[in-house]
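Notes to accompany the following structure.
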Amino acid sequence: MIVFGRRIPMVASLLLWAILWEIIGQLQVTILLPPLSSVVMRLFEIVPTASFMSALGVTAYAFIVGNVIAIAVGVPLGILMGRSVIADRLFLPWVNLFLSAPLTALVPVIMVIFGLGQTTIILTVVLFAIWIIVLDARAGVRSISPSLVEMAHSFGANRLQAFTRIYLWAALPEILAGIRLGVIRAVKGVIIGQLLVSIVGFGALFKLYGSRFLMEHFWTALLVLFALAFILAESLAWLERRVDFYAASRG
Amino acid sequence: MNAPIALTAARPVTDSVVEVRNLDKIYAGTVQALKDITVDFPRGQLTSLLGPSGCGKTTLLKIIAGLLPASAGEVRVNGKVVSGPGPERAFVFQDFALMPWASVIKNVTFGLEMRGMAKAEREEIARRSIARVGLAGFENRYPHELSGGMRQRVGLARALCVDADVVMMDEPFSAVDEQNRRKFQEELLTLVAQEKKTFIFVTHSIEEAVYVSDRIVLLSPRPGRIAEIIEPDINRDGDTEAIRRHPVYLDTVDAIWYSLKTYLD
Ligand SMILES: Nc1ncnc2c1ncn2[C@@H]1O[C@H](COP(=O)(O)OP(=O)(O)OP(=O)(O)O)[C@@H](O)[C@H]1O
Ligand SMILES: [Mg+2]
């Protein structure tokens with residue numbers, strides 16, 4: 001960002017908003033927005049508590065398991081769709097449908113079937129994350145140079161070797177991009193799932209804080225979640241940049 | 001007006017590694033790419049497939065490589081009918097076909113790895129073949145760090161280190177700049193002289209074909225048929241530079257040009 005010919009780091013704008021928040025909070029415009037300083041103080045107070053830690057643990061668990069399932073199913077499915085016309089015809093309409101569908105509306109359906117618990121939340125994570133992972137893995141496989149496939153074949157690679165040595169690697173930049181986008185959607189999935197189920201993890205905390213008007217607690221939890229989601233997305237983007245060099249060098 | 005110089009006629013082949021018999025290739029039921037191709041590739045020599053764009057050179061080479069099925073006819077390598085790729089044949093690709101995520105040595109060992117050779121052994125062989133193509137010291141570089149010419153050397157090293165009887169090259173120097181191309185052509189001559197391998201070389205450059213080939217198979221455009229087989233009588237033992245000034249070289253280039261001209265409209 002450049003202002004009056006000077007380079008201003010992105011953090012500066014963040015700082016500006018933080019100051020604005022503090023001022024509005026101090027002016028006591030609304031009970032909904034306590035000053036940032038007291039939220040930060042509260043942060044040090046409640047983050048180490050057992051209830052907050054267990055909420056974090058439960059959330060992380062559903063998040064990780066859901067993502068692992070989404071990746072373990074999504075990547076092979078996407079590769080299969082990229083290679084087989086039949087599989088593509090069979091699954092592509094559904095993948096596209098779910099990719100753009102308002103998935104939140106489906107969570108109550110999962111809730112009815114799987115009850116108010118971790119299973120529902122894990123499935124919500126999968127539901128949010130998987131489609132973009134499938135679609136990107138598919139795109140990655142379709143961008144493989146045909147001569148690389150011929151090369152593998154002509155030097156004696158069998159089907160399994162072609163998959164593990166060529167397809168998977170060649171599609172890696174797209175697969176990682178898909179996983180990054182999927183993981184970001186999964187953050188929404190886990191929170192929406194918990195809010196709707198509302199007796200697990202942050203869903204329960206939010207409900208508690210909200211019903212008792214503990215706004216500082218509420219904002220603390222939000223800040224922690226936002227920060228975690230941001231760090232997660234950035235580290236995945238970093239990983240992705242490391243393989244980008246060869247995405248560009250493909251024919 | 002001068003009549004075109006008579007071409008040196010092909011001698012009968014006594015020992016051929018690759019025999020192509022009555023080969024037809026029809027793409028998608030409609031496009032006839034090759035028609036009734038019968039030709040032999042003599043052992044230890046370099047044979048070029050030469051012809052205008054679209055005449056089926058790549059198609060013929062890929063059928064011999066076992067990468068494409070023929071519509072009719074058959075290909076025999078060392079007497080055995082070809083039904084797919086095999087260890088006695090290696091391919092050098094026009095666009096190099098290197099794995100961008102793998103180092104030079106990993107790319108070169110690919111064929112040996114697929115054969116299940118132990119790591120130490122295959123890297124030992126690969127190092128020799130990398131040195132053979134003049135890339136010693138670049139073993140741990142990645143393809144995107146190399147020039148086009150060096151990348152094709154990696155492709156060549158990969159094909160050499162599996163120790164196949166037949167090395168097939170589809171326009172290997174077409175994506176390489178002119179200076180490197182000339183250097184490559186000279187090195188190819190040395191390679192053919194030193195290695196006991198049969199080379200099948202696709203090009204659409206007449207000069208390149210005459211310069212490197214013991215035998216030139218001239219294909220006519222669609223449907224690809226064999227128009228002529230030429231064996232330029234050039235002594236390649238001496239100075240590789242002198243070949244380009246050799247009268248037979250110049251005459252053969254001329255004669256092929258006359259012969260190909262009839263296909264252009
Ligand atoms: N997969 C395919 N499907 C249909 N037609 C094809 C296919 N591949 C090649 N052809 C056609 O077959 C003919 C021969 O193609 P081929 O690639 O073998 O020619 P070539 O001699 O190698 O040409 P170039 O010098 O341009 O590389 C061409 O007319 C081409 O259009
Ligand atoms: Mg071609």
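The values are calculated or read from the model by the stated rules, or taken from the named source; none is laboratory data. This structure is a prediction, so every number in the text was calculated from the model and none was measured. Note that each Cβ is placed from the backbone with ideal geometry, even for glycine, and that neighbours are counted across all protein chains shown. For the accessible areas, the whole protein counts, side chains as well, though only heavy atoms, and no ligand, DNA or RNA atoms are used. Shrake-Rupley method; radii C 1.70, N 1.55, O 1.52, S 1.80 Å.
What's the number of the only condition in (1) within 16 Å of ligand 2 (Cβ to nearest atom); (2) outside the structural domain of B:Val212 (by TED's automatic domain parsing); (3) β-branched (Val, Ile, Thr) that B:Thr59 fails to meet?
Of (1) within 16 Å of ligand 2 (Cβ to nearest atom); (2) outside the structural domain of B:Val212 (by TED's automatic domain parsing); (3) β-branched (Val, Ile, Thr), only one is false for B:Thr59: (2).
Please work out if B:Leu68 is out of contact with any Asp or Glu (no Cβ under 6 Å at 6 or more places or on another chain), aliphatic (A, V, I, L, M) and within 16 Å of ligand 2 (Cβ to nearest atom).
Values: out of contact with any Asp or Glu (no Cβ under 6 Å at 6 or more places or on another chain): yes; aliphatic (A, V, I, L, M): yes; within 16 Å of ligand 2 (Cβ to nearest atom): yes.
In short, yes.
Which members of the range A:81-111 meet the condition of being surrounded by 19 or more Cβ atoms within 10 Å (Cβ to Cβ) and more than 30 Å from A:Leu208 (Cα to Cα)?
Selection gives A:Met81, A:Gly82, A:Val95.
Need the failing condition index for B:Phe138 against (1) within 16 Å of ligand 1 (Cβ to nearest atom); (2) surrounded by fewer than 23 Cβ atoms within 10 Å (Cβ to Cβ), just the number.
(1)
May I ask you to list the residues in the range B:175-219 that are of a type in the set (D, E, K, R), closer than 13 Å to B:Thr47 by Cα and within 16 Å of ligand 1 (Cβ to nearest atom)?
Across the range B:175-219, the qualifying residue is only B:Glu208.
For the range B:93-110, what are the residues that are closer than 24 Å to B:Thr203 by Cβ and surrounded by fewer than 23 Cβ atoms within 10 Å (Cβ to Cβ)?
Hits for the range B:93-110 are B:Gln94, B:Asp95.
How about the range A:151-185: which of its residues are in contact (Cβ under 8 Å) with a residue 12 or more places away in the chain, within 11 Å of chain B (Cβ to nearest Cβ), in contact with a Phe, Trp or Tyr (Cβ under 9 Å, 6 or more places away or on another chain) and under 14 Å from A:Ala137 (Cβ atoms)?
Within the range A:151-185, A:Ala170, A:Leu172, A:Pro173 qualify.
Just give me the residues in the range B:32-46 being surrounded by fewer than 24 Cβ atoms within 10 Å (Cβ to Cβ) and within 16 Å of ligand 2 (Cβ to nearest atom), in sequence order.
Correct list: B:Ala33 only.
Looking at the range B:118-135 only, could you name the residues that are within 23 Å of A:Leu168 (Cβ to Cβ) and open to solvent by 50 Å² or more (accessible area, probe 1.4 Å)?
B:Lys119
Yes/no per residue for (1) in contact with a Ser or Thr (Cβ under 7 Å, 6 or more places away or on another chain); (2) within 16 Å of ligand 2 (Cβ to nearest atom); (3) away from chain A (no Cβ under 14 Å); (4) without any contact (Cβ under 8 Å) to a residue 24 or more places away in the chain:
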site	(1), (2), (3), (4)
B:Ala159	no, no, no, no
B:Met169	no, yes, no, no
B:Pro172	no, yes, no, no
B:Ala175	no, yes, no, no
B:Gln179	no, no, yes, yes
B:Arg182	no, no, yes, yes
B:Lys197	no, no, yes, no
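May I ask you to say which residue of A:Val39, A:Val75, A:Val11 is open to solvent by 50 Å² or more (accessible area, probe 1.4 Å) and of a type in the set (A, V, I, L, M, F, W, C)?
Working: A:Val39 fails: open to solvent by 50 Å² or more (accessible area, probe 1.4 Å); A:Val75 fails: open to solvent by 50 Å² or more (accessible area, probe 1.4 Å).
Only one candidate passes the filter, namely A:Val11.
For the range B:65-85, which positions are within 10 Å of chain A (Cβ to nearest Cβ) and free of Cβ contacts under 8 Å to residues at least 24 places away in the same chain?
Narrowing the range B:65-85 to residues within 10 Å of chain A (Cβ to nearest Cβ): B:65-68, B:84-85.
Selection gives B:Gly66, B:Gly84, B:Pro85.
Between B:Glu88, B:Glu145, B:Glu113, which is open to solvent by 10 Å² or more (accessible area, probe 1.4 Å) and either more than 10 Å from chain A (Cβ to nearest Cβ) or on the phi > 0 side of the Ramachandran plot (or both)? Full working, then the answer.
Working: B:Glu145 fails: either more than 10 Å from chain A (Cβ to nearest Cβ) or on the phi > 0 side of the Ramachandran plot (or both); B:Glu113 fails: either more than 10 Å from chain A (Cβ to nearest Cβ) or on the phi > 0 side of the Ramachandran plot (or both).
Going through B:Glu88, B:Glu145, B:Glu113 in turn, just one is open to solvent by 10 Å² or more (accessible area, probe 1.4 Å) and either more than 10 Å from chain A (Cβ to nearest Cβ) or on the phi > 0 side of the Ramachandran plot (or both): B:Glu88.
Confirm whether A:Ser211 is within 14 Å of chain B (Cβ to nearest Cβ) and out of contact with any Phe, Trp or Tyr (no Cβ under 6 Å at 6 or more places or on another chain). Walk me through how you get there before you give the answer.
On the way: within 14 Å of chain B (Cβ to nearest Cβ): no; out of contact with any Phe, Trp or Tyr (no Cβ under 6 Å at 6 or more places or on another chain): yes.
The answer is no for A:Ser211.
If you go through the range B:69-89 one residue at a time, do you hit one that is within 12 Å of ligand 1 (Cβ to nearest atom), under 11 Å from A:Ser154 (Cα atoms) and either out of contact with any strand residue (DSSP E or B) (no Cβ under 8 Å at 6 or more places or on another chain) or outside the structural domain of B:Gly149 (by TED's automatic domain parsing) (or both)?
The answer is no, given that none of the residues of the range B:69-89 is within 12 Å of ligand 1 (Cβ to nearest atom), under 11 Å from A:Ser154 (Cα atoms) and either out of contact with any strand residue (DSSP E or B) (no Cβ under 8 Å at 6 or more places or on another chain) or outside the structural domain of B:Gly149 (by TED's automatic domain parsing) (or both).
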